[in-house]
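Just so it is clear, none of the values below were taken in a lab; they were calculated from the coordinates. Fair warning: this is a prediction, and the values are worked out from it, not measured in the lab. We place every Cβ from the backbone using ideal geometry, glycine too, and count neighbours over all the protein chains shown.
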Amino acid sequence: MNVRITGSETGRSHTVYTVLCSAGVARWEVRKRFSDFVQLNAAFRGKQHLTAALPPKQLFGKFSEATIKRRETGLGKYLEILLQEMEPPQLDM
């Protein structure tokens, strides 16, 4: 499975990130707020030790283009690491 952040849209009070997911020939997009990633992270942290870390929250300037791009990059890295850590090990046969 592959996943990457392909863009974002900022409204009045929040930013929504577009996540492109693919597995084999299947592809789909989902749109998620940063708070959705925080909830996902909390759910996994309670069940398994993970090294994946979310980008830090931003109190000021959270709607600036530079901040949003940094967060897109950070969320993409977070998802990549999360998938690596959650995938079952491959068996050599």
Given 0.36 nm per residue, what is the gain on full extension from residue 73 to residue 16 after removing their alpha carbon distance, in nm?
19.1 nm
Non-local amide H neighbours of residue 33 (under 5 Å, H modeled in plane, Pro and chain starts lacking H): which ones?
17
Longest segment of the chain with no trypsin sites (Lys or Arg not before Pro) in a DSSP loop having at most 12 other Cβ atoms within 10 Å?
58-93
Leaving out same-chain residues fewer than 8 places away, which lysines sit with a Cα under 24 Å from that of residue 69?
32, 57, 77
At R0 = 22 Å, how high is the FRET efficiency between residue 51 and residue 6 if r is their beta carbon distance? Nearest 0.05 is fine.
0.35
Longest site-free stretch - the chain; sites: chymotrypsin sites (Phe, Trp or Tyr not before Pro), DSSP loop, at most 14 other Cβ within 10 Å:
1-59
Rounded to whole Hz, the Karplus (6.51, -1.76, 1.60) HN-Hα couplings of the stretch 38-55, x for glycine and proline:
4, 5, 4, 4, 5, 5, 6, 4, x, 10, 8, 6, 10, 9, 4, 10, 6, x
Option label - Kirkwood radius over Cα pairs in Å computed here, alternatives [x] 15.8; [y] 14.3; [z] 13.4
[y]
